[in-house]
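Below you'll find the structure, written out as structure tokens, and then a few comments.
The values are calculated or read from the model by the stated rules, or taken from the named source; none is laboratory data. No experiment lies behind these values; they were computed from the predicted model shown. Here the Cβ positions follow ideal geometry from the backbone for every residue, glycine too, while neighbour counts run over all protein chains shown.
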Amino acid sequence: MYQPPSLLEKWIQENNDLVNKCKQQESGRDAVSRDHSQTSLRWCSSEFHKLLKKIQGIPAHVDHAQLELAVVCNTCVCFTSQSQFLEAELLLKQTTERVLQMAGDDSSTSDPLVLWRTVLKSVGNTALHLHALYLLCLQWALWLAKCQLETIQEFREELSSLCETLCGGVGDGGRTNPKAKLSNSPLLVMDPKRLTELLQICTSIARGAERLNEGRSSEALSDLQASSALPAPRALMAYTDLLSGSCLTHMNRPQMALQCYRKALETDSRCVCALYQSMLIFRQLGNTPAEIQALRILHSTLMLPPATEPVLAGIHPLSPALLLSSQSLNSLLSVPSALSVLYSLALKCVLSGRVAEGVEHYLDLLGALHSEDQHAVHAEISALPRIPELYLEAGTALLMARRPADCMVLCNEVLSTTLELLPEKVVLEESEEKSGGGVEGEDKVTVLLWAAAAYLLQGHCHTLLKDWKQAVTHYTRCINLLVKVRLKNKDFQPQIPTADMNLKYGRDLCVLQTMKGLSLAGRGISFTQMDHLRQALRDLQLSLQAFSDCAGAGLWCGEVLWRLGRRHEAAACWEKTWSLTAQSSVEKLPMYLQDLQSGPLLDSAELRHRIKELDLT
């Protein structure tokens, strides 16, 4: 049945009005009006769908098929932009079957690839060919958004032909018939040529990320380098450089990877992932100054207000973010939160000797954790150490900066939140510790270790202030907490931890033994300054039993022995201490268990001179 031109023109005008409204709404979109934009898309989607129902209310006929397919394209764009993939997929399937009915071909197949090949063959030499290609673009976008890269690969020949047709000047900038009059031309929401270019580069990026994730770095690099010549927005070109750098990193070519990351940043300054990956390379190479500089810039960049994503003319509302949603790519593009980066910066500065900088960063971090924007902080805090541990690390940095009063304030904060939670005793069984089943016991140990560490740091503070009596008091409080922990395996009764149990029972007990050694050493040194030599010798020897790598305890133990007249034992103790090499732990110990050298130091040159004189006598 032939449709009267007046009704056909009415439908064309209705379609064109909707397209113009949709484009006007998108052109005024900004970051604040995101919700309004989604509402507008839903309205456009509904209106296009209503129009499509009216057009499809009559039998399929080639005379109005171009309009129908244009409206289908516009409806699918709106569905896809709202991630309504099932609705868009169903509409495309129904439309391809309807096209085959118009052409008089069989549409009974359930295989989507077979169905599309049949459609393309049926309309190959007809006026519907371009519109079929437009629909195939949207099918391609759906496959990409749903991470169906294998399907895209199976259909690569047809998609390659599509690209040659639409990107070779055949496309008409959103009009279905370049020879038609303006009033009789159904408009499209998106320019098929620009969409095709976007799909090409996004497919290359997604495929490169997938191959990189599978360990096929060389293949991924070749594909990404080939895609660098494709027309694409700056942000996507930066992604290709970023992924190329990741491939080179996996291929153990760090310097070439750095060049790619630098190029990505030059292409798009908002590509913070390239900056983060550069920082990781500097860390791997041991270039600490460059690592700190990269961390500082990364933190500053992450603290900037989020930039509004630029609207890409003729591409929106199908944005690159919608098409690049694979887990492989997301993991490669992930960047730590601003607070996590600030924490890494603070820790790295302190451990590399830039203590004053580290202190300021720690104080900024603690200030951010207590800021008014608690919702944003809560979203980021999960990636950080727990709050008491942050306080202890910040306190350590303050102590290293010779600010004992400020350190004691932070330690008091830790004690105020942990003392009420301390258990009378903690018994850990070997099986629980090894299997991870003793969560309750581990939590008790963690709280106890925090409180003990706070007392340890306060002892160091009083040592720095030469308040030996208060130093002894706080070291003793630390020791009294640590001796509450007992170990129990399947066959034996609870026992006091010893150094050889560290590997068997895990990091917590390694921390406990180290802390016990440091607190006993600190108390022993304080006793020495008070001329309580017997108590000092006892504590220093116990310190070496708990933590044999404690050089300070070894040297001061020799000093006490020397003062007690046991000079040959003192010389042997010093020689043994100098011969020790620090053993690497299974896991890195907390910063507050570093040897802070807050107390009086012994001159090794003078000690060696004493030994030399002793040998001469």
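Annotations for the structure displayed:
- Among the residues listed as Ala536, Ala499, Ala521, the single one being of a type in the set (Gly, Ala, Ser), at pLDDT 85 or above and farther than 22 Å from Arg402 by Cα: Ala536
- Hits in the range 181-206 - residues which are under 30 Å from Glu14 (Cα atoms) and not in a loop (DSSP other than H, G, I, E, B): Leu182, Ser183, Asn184, Leu187, Pro192, Lys193, Arg194, Leu195, Thr196, Glu197, Leu198, Leu199
- Long-range neighbours under 8 Å by Cβ, at least six apart or interchain, first residue assigned by TED's automatic domain parsing to the domain that holds Ile611 within the range 557-568, second part of a loop (DSSP other than H, G, I, E, B): Glu559/Leu602
- Failed item, numbered, when Arg175 is tested on (1) at pLDDT 90 or above; (2) under 26 Å from Ser319 (Cβ atoms): (1)
- Within the range 552-569, the set of residues being surrounded by 22 or more Cβ atoms within 10 Å (Cβ to Cβ), over 13 Å from Arg610 (Cβ atoms) and among the aliphatic types (A, V, I, L, M) comprises Ala553, Val560.
- Members of the range 207-263 found to be part of a loop (DSSP other than H, G, I, E, B), under 21 Å from Ala141 (Cβ atoms) and touching a Leu at 6+ places or on another chain (Cβ under 8 Å), listed by number: Ala232, Pro233
- Residue within the range 212-219 that is without any contact (Cβ under 8 Å) to a residue 60 or more places away in the chain and under 17 Å from Leu324 (Cα atoms) present: no
- Exclusive hit being in a loop (DSSP other than H, G, I, E, B), in contact with a Ser or Thr (Cβ under 7 Å, 6 or more places away or on another chain) and either touching a residue at least 24 places away in the same chain (Cβ under 8 Å) or within 29 Å of Arg211 (Cβ to Cβ) (or both), set Pro306, Pro317: Pro317
- Applying a threshold of 8 Å to beta carbon distances and a minimum spacing of six or more residues, or different chains, the list of pairs starting in the range 326-354 at a residue that is outside the structural domain of Cys271 (by TED's automatic domain parsing) and over 30 Å from Ile201 (Cβ atoms) and ending at one that is of a type in the set (S, T, N, Q) and surrounded by 19 or more Cβ atoms within 10 Å (Cβ to Cβ) reads Val350/Thr396.
Listed here are the residues, each with its yes/no results for (1) touching an Asp or Glu at 6+ places or on another chain (Cβ under 8 Å); (2) closer than 30 Å to Asp364 by Cβ; (3) crowded, with 22+ Cβ neighbours inside 10 Å.
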| position | (1), (2), (3) |
| --- | --- |
| Glu197 | no, no, no |
| Thr203 | no, no, yes |
| Leu230 | yes, no, no |
| Ala238 | yes, yes, yes |
| Ser246 | no, no, yes |
| Arg262 | no, yes, no |
| Thr267 | yes, no, no |
| Leu295 | no, yes, yes |
| Ser300 | no, yes, no |
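- Arg216 within 23 Å of the chain's Cα centre (by Cα) and not β-branched (Val, Ile, Thr): yes
- Helices (runs of 4 or more DSSP H) contained entirely in the range 79-166, each with at least 1 residues that are within 35 Å of the chain's Cα centre (by Cα) and either modelled with pLDDT of 90 or more or surrounded by fewer than 18 Cβ atoms within 10 Å (Cβ to Cβ) (or both): 85-103, 129-145, 149-154, 156-165
- Test for Gln529: is it over 44 Å from the mean Cα position of the chain (by Cα) and within 27 Å of Leu398 (Cα to Cα): yes
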